[in-house]
Amino acid sequence: MIKVENISKSYDKVEALKDISFEVEKGELLGLIGPDGAGKTTLMRILMTLILQDRGNATMAGFDVVKSYKNIRLLVGYMPGRFSLYQDLSVEENLNFFATVFGTTIEENYDLIKDIYSQIEPFKTRLAGRLSGGMKQKLALSCALIHKPEILVLDEPTTGVDVVSRKEFWEMLKKLQQQGITILVSTPYMDEASLCDRVALIQKGQIMQIDSPSTIVENYTRKLFAVRSGEMYRLINDLRSFEKTDTAYAFGQYLHYTSKNDEVEATELEQYLLEKEHVQLQVFDIEPGIEDVFMELMSGKEL
Amino acid sequence: MKRFFGFVKKEFYHIFRDVRTMLILFGIPIAQLLLFGTVIKNDIKDAEIAIYDQSKDEVTQEITAKLLSSGYFILDRNLESINDIEAIFKKGKVKEVIVFESNFGRLLEKEGKANVQIIADASDPNMGKLLANYTTGILNDYITKKMGEMKVPLQIKPEVRMFYNEELESVYLFVPGIMAMILMLISAMMTSISITREKELGTMEILLVSPLKPVQIILGKVAPYLGLSIINAFVIILIGNLVFGVPIVGSTILLMAETILFIMMALCLGIMISTAAKTQMVAMFISLIALMLPTILLSGFIFPVENMPMALQWLSSIMPPRWFIVILKNIMLKGTGLLYVWKETLILLAMTSVFTIVAVKKFKTRLE
């Protein structure tokens, strides 16, 4: 449904995308995961025919993004990263406007947006600018869906949205996917990765890995420890000054720790930290998450 | 078509819900009109005049006394030679010189007819004309009373000359001038701002991705402002007519047609600006500095084009309002038809098409 071949794009001297290639099947939910400035928005804008790539080709539903941009614009739904609806128009007026622009009506495609729109329908006379962050995103999704697109492209739809709304939002995406809509979604939150069929880890304009979340995690073979003590700040400094340490990152309540060549065992690590007079110390093996993989990739090492 | 109307409807929501926009649309025109109308004074008090009396007889003394006792005029000095007139005007204090011909009283008595010349400083044209009108009014009053006494037809023939601005252009010009300025402001600035606002808020991104054609977006932006600007033009002409008595001598239909042409030109100019400007601020500055000031200063609205240095005259000829003001003046004040303004109309038409072509060509179907 989406096919990207060797796409490159530079802004002045900054290379935003470097030779990117991937494909998305029909009805698939692909997540683009990466930090700010990784090139997610640029990639999406190229696919949405909003900017031109420097090199490479891309097609959406078989249409070339450069030559057949008019065809593409009829069958894609797009939600930009910034809230891009009319703040001085009410919820209903916004939806009506986008329905009219796409040559349809709310009634005609009400089925598709019912689940989402019904949640904000009680506020339909409220101006869009006065909605909460989560409601804004629901409205924006409704507007992007109103013309029954075949492909849905969402640029960081859950950024700045509370946890509950984020969860609801992903549930909606799953439902849409079941209706056969191909979805490309970007997010800086790695915990959302597991909800995608496949994820593309993207950094500095390059796709570092693209696979299903479980395969990505399975491929991670490093020995990983979770470490905790009474003094977390001193703990991270002590760990980083330990000569055998490879990485030590804070992950919620714990530090995730890897050693050079995975040669350190839990007991050795515990011993080292006890020497440093850490109290309430906990050290144990854990299963890696997608974040661990990403951290590993970010540090520029091969798996 | 339905898409287009949906878009226009949305534009009207934007306009009617934004207090600032409404204020610019309807508050500023009326305020400006009333302001300019009042600043251009309609009454005279203690205007300094000089008298060059070549006759110095009883009648001229009487007239002089009558003029000075009216409360409108103060005698600065009596002149002794015709050469003094130029010199005294140059000093700028004296606004009017009255010249009685020699043997004024005797001529009036014997032939029933005498000449008086009224020379006004028309560098402030409104003032000049008012002074001359008041003076002739007082002269006529004197004659009517004198006629009653003498029972013979008498006639004082005042010959009015306006110094520095012989044809007294721009007396009523402030209404055409303000009209040109306001229509320019609303049409060009408001459209350019409303398009750049879409860019700034990111909604342009969605509009571009939609099946809306650039022409539909442009026309959808233009249509509401075209309608509102026409209403504005009506209001300006109406206030000019009712409050300040500016006449509409010529054809109202032609006047409206020309006004719509000018509005279209300004709207296209606004869109052209918006294709170059990235933010509302930039659009506003371009509109204000590149459009408003030249409209006020170079279009002949305040300073007559004929009095400008050659270079500025050239510059003024690329200012659309200059031609529109000529058209307005001809239709409203002189009552002439299309026959006399076809050249200016053609210039406006040419400008409109150039702006449209550039605007459509430069309107981007992508973000960069």
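We did not get these values from a lab; they are worked out from the coordinates using the rules stated. The structure displayed is predicted, hence computed values, not measured ones. Ideal geometry is used to build each Cβ from the backbone, glycine not excepted, and the neighbour counts take in all protein chains shown.
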So what's the convex hull volume per residue for the Cα atoms of the stretch B:275-368, in Å³? 123
The stretch A:29-139: Kirkwood hydrodynamic radius (Cα pairs, Å) comes out at 16.0
Percent of C-alpha pairs per 5 Å bin, the stretch A:2-213, short to long: 1, 7, 16, 20, 20, 16, 11, 6, 2, 0
Mean Cα-pair separation over length for the stretch A:1-69, i.e. relative contact order, pairs under 8 Å, 6 or more apart, %: 39
Using a simple charge model, +1 on the beta-carbon of Lys and Arg, -1 on the beta-carbon of Asp and Glu, nothing else, what dipole does the stretch A:1-69 show about its Cα centre, in debye to the nearest 20? 140
Taking Rh as the Kirkwood radius, which is the inverse of the mean 1/r over Cα pairs, what is the Rg/Rh value for the protein assembly as shown? 1.24
In percent, how large is the relative contact order of the stretch B:9-98, given Cα pairs closer than 8 Å and 6 or more residues apart? 32
Taking the dipole about the Cα centre of the protein assembly as shown, with the C-beta of Lys and Arg at +1 and of Asp and Glu at -1, give me whichever of B:Y340, A:A226, B:V222 is farthest to the positive side. B:Y340
Candidates per trypsin sites (Lys or Arg not before Pro) in the stretch A:1-66, loop by DSSP, up to 13 other Cβ within 10 Å: A:K13, A:K26
Specify the inter-centroid distance of the stretch B:234-272 and the stretch A:83-157, based on alpha-carbon positions, in whole Å. 41
Take the alpha carbon atoms of the stretch B:46-86, find their center, do the same for the stretch B:334-368, and report the distance between the two centers in whole angstrom. 53
Could you pull out the pairs from A:K136/B:K2; A:K67/B:K221; B:K91/B:K146; A:K67/A:K148 whose alpha carbons sit more than 31 Å apart here? B:K91/B:K146
Run the helix sum for chain B: -39,500 (n - 2.57) per DSSP H stretch of 4+ residues, divided by residue count, reported at 222 nm to the nearest 500 deg cm²/dmol. -19500 deg cm²/dmol
How high is the relative contact order of chain B, in percent, with contacts defined as C-alpha pairs under 8 Å that are six or more residues apart? 17
Anisotropy class of the stretch A:225-287 from Cα gyration tensor, a/c 1.5 cut: rounded
Entries of B:K95/B:K343; A:K40/B:K361; A:K138/B:K364; B:K278/B:K343; A:K26/B:K9 with Cα pairs more than 32 Å apart: B:K95/B:K343; B:K278/B:K343; A:K26/B:K9
Most mobile listed residue (B:E48, B:E58, B:E198) in chain B, GNM with C-alpha springs under 10 Å: B:E58
As I understand it, the value is the acute angle between the Cα axis of helix B:214-244 and the longest principal axis of the Cα atoms of chain B; what does it come to in degrees, rounded to 10? 20
Chain B: C-alpha pair distances exceeding 36 Å, %: 39
Give the lysines whose C-alpha is closer than 23 Å to that of A:K276, dropping any in the same chain fewer than 8 places away, or say none. A:K223, A:K244, A:K260
With everything on Cα atoms, drop me the angle between helix B:252-276 and the longest principal axis of chain B, reported from 0 to 90° to the nearest 10. 50
If I fit a long axis through the Cα atoms of helix B:174-184 and take the longest principal axis of the Cα atoms of chain B, what angle between them do I get, 0 to 90°, rounded to 10? 10
